[in-house]
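Working notes for the structure below.
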Amino acid sequence: MARLFFPLLLFIPLFLFAACSPGPQYKDGTFSAYSEADDYGYARATVEIVDNDIVDVELKEFTGKGEILDFSTYPYQPTVEGVKVMRERFIEADSAEVDTYTGSTHSSEKYKDAVGKALQKAKEDPEEEIETEHWDGTFMGTAEQENIRAVAWVSIKDDRIIDVFFNDIDLETGDFFDWEDREHDILPEARREMQERIVMAGSLQVEKFSGATQSSTLWLEAAENALEKARIE
């Protein structure tokens, strides 16, 4: 019978060692990061760390039009409750690995993504050396000029732009442009061409579309804003 317990005795110290092994070590300070974006927008997390503990988390959510959600007036209560509960869970767990909030799963996943990226920035000694300047994924940026807001969704892989999509918002109406109704002018062609040029180049170092330089400039500014949100440092 004694021999049956021998493997267990060997296993127990290993188990205790694994259970007591230290977790990630973080620098003191405040660290911010953005989640990936989709048609519905993205999230931003600002995480404050003291003595390796998360002591505060600020969560913000932005719509697919680049507008910040005002939780004090937002009508959908699960979203309003979700941001409060998720904040508490991050602080309690000292981690981004927490359960999502039922009824606000989509937003919760974005908060987890943003907090995880902020904690990655805060690590004293990242487990894996990050060799790129940007996170992989799709990020959203905006730029405004007079009554127009340009919105850009930029997809990045290994610091190379692999896809980009532009849309414009009429700030007087708050609506996206109906590009089919604008086929008579040069803007739809310019938008398509600028998207193709950027993907071909893998960067924003492209020529502006002749005859639509103002719009080209605005789209490039929106795309640059998206890249800023994807920047690791």
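The values are calculated or read from the model by the stated rules, or taken from the named source; none is laboratory data. Given the structure is predicted, the values throughout are model-derived calculations rather than measurements. For neighbour counting, all protein chains shown are included, and Cβ atoms are generated from backbone atoms with ideal geometry for every residue, glycine included.
From ARG149, ARG182, grab the single residue that is in the same structural domain as ALA201 (by TED's automatic domain parsing), among the basic types (Lys, Arg) and either without any contact (Cβ under 8 Å) to a residue 24 or more places away in the chain or in contact with an Asp or Glu (Cβ under 6 Å, 6 or more places away or on another chain) (or both). Spell out how you get there, then give the answer.
Details: ARG149 fails: either without any contact (Cβ under 8 Å) to a residue 24 or more places away in the chain or in contact with an Asp or Glu (Cβ under 6 Å, 6 or more places away or on another chain) (or both).
Within the list ARG149, ARG182, the selection yields ARG182.
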*Can you name every residue in segment 188-210 that is surrounded by fewer than 17 Cβ atoms within 10 Å (Cβ to Cβ), touching a helix residue (DSSP H, G or I) at 6+ places or on another chain (Cβ under 7 Å) and small (Gly, Ala, Ser)?*
none
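Residues in segment 199-233 that are of a type in the set (Gly, Ala, Ser) and part of a helix (DSSP H, G or I): how many? Spell out the reasoning first.
Of all residues in segment 199-233, those of a type in the set (Gly, Ala, Ser) come to 201-203, 210-212, 215-216, 222-223, 226, 230.
In the following step, the residues that additionally are part of a helix (DSSP H, G or I) were identified as 201, 215-216, 222-223, 226, 230.
So the count comes out to 7.
May I ask you to list the residues in segment 141-158 that are at pLDDT 95 or above and either surrounded by 16 or more Cβ atoms within 10 Å (Cβ to Cβ) or not charged (D, E, K, R) (or both)? Don't jump to the end; show me each part of the working.
Looking only at segment 141-158, we keep the residues that are at pLDDT 95 or above, and these are 141-144, 148-158.
If the condition is that a residue be at pLDDT 95 or above and either surrounded by 16 or more Cβ atoms within 10 Å (Cβ to Cβ) or not charged (D, E, K, R) (or both), then GLY141, THR142, ALA143, ILE148, ARG149, ALA150, VAL151, ALA152, TRP153, VAL154, SER155, ILE156 are the ones that fit.
Under the condition of being part of a helix (DSSP H, G or I) and touching a strand residue (DSSP E or B) at 6+ places or on another chain (Cβ under 6 Å), which residue from segment 175-198 is farthest from GLN145 (Cα to Cα)? Give the steps one after another, and end with the answer.
Narrowing segment 175-198 to residues part of a helix (DSSP H, G or I): 179-182, 187-198.
Checking the rest, the ones that are also touching a strand residue (DSSP E or B) at 6+ places or on another chain (Cβ under 6 Å) come to 191, 195, 198.
Numbers: ARG191: 16, GLN195: 19, ILE198: 21 Å.
That would be ILE198.
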*Write out, first by first residue and then by second, each pair whose Cβ atoms fall under 6 Å of each other, whose residues are 6+ apart or on separate chains, and whose first residue, in segment 199-227, is closer than 14 Å to GLY141 by Cβ while the second is of a type in the set (Phe, Trp, Tyr).*
TRP219/PHE166; ALA226/PHE139
*asked:* Can you go through VAL85, VAL115, VAL98, VAL80 and tell me which one is within 19 Å of the chain's Cα centre (by Cα) and farther than 16 Å from SER32 by Cα?
replied: VAL98
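Can you pull out every residue in segment 138-174 that is in contact with a strand residue (DSSP E or B) (Cβ under 8 Å, 6 or more places away or on another chain), assigned to a loop (DSSP other than H, G, I, E, B) and farther than 18 Å from GLN205 by Cβ?
So in segment 138-174, the residues in contact with a strand residue (DSSP E or B) (Cβ under 8 Å, 6 or more places away or on another chain) come out as 138-144, 147-156, 159, 161-171.
Narrowing further to those that are assigned to a loop (DSSP other than H, G, I, E, B): 147, 159, 171.
Within segment 138-174, ASN147, LEU171 meet the criteria.
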*Exactly one condition in (1) without any contact (Cβ under 8 Å) to a residue 40 or more places away in the chain; (2) over 22 Å from the mean Cα position of the chain (by Cα) is not met by SER155; state its number.*
(2)
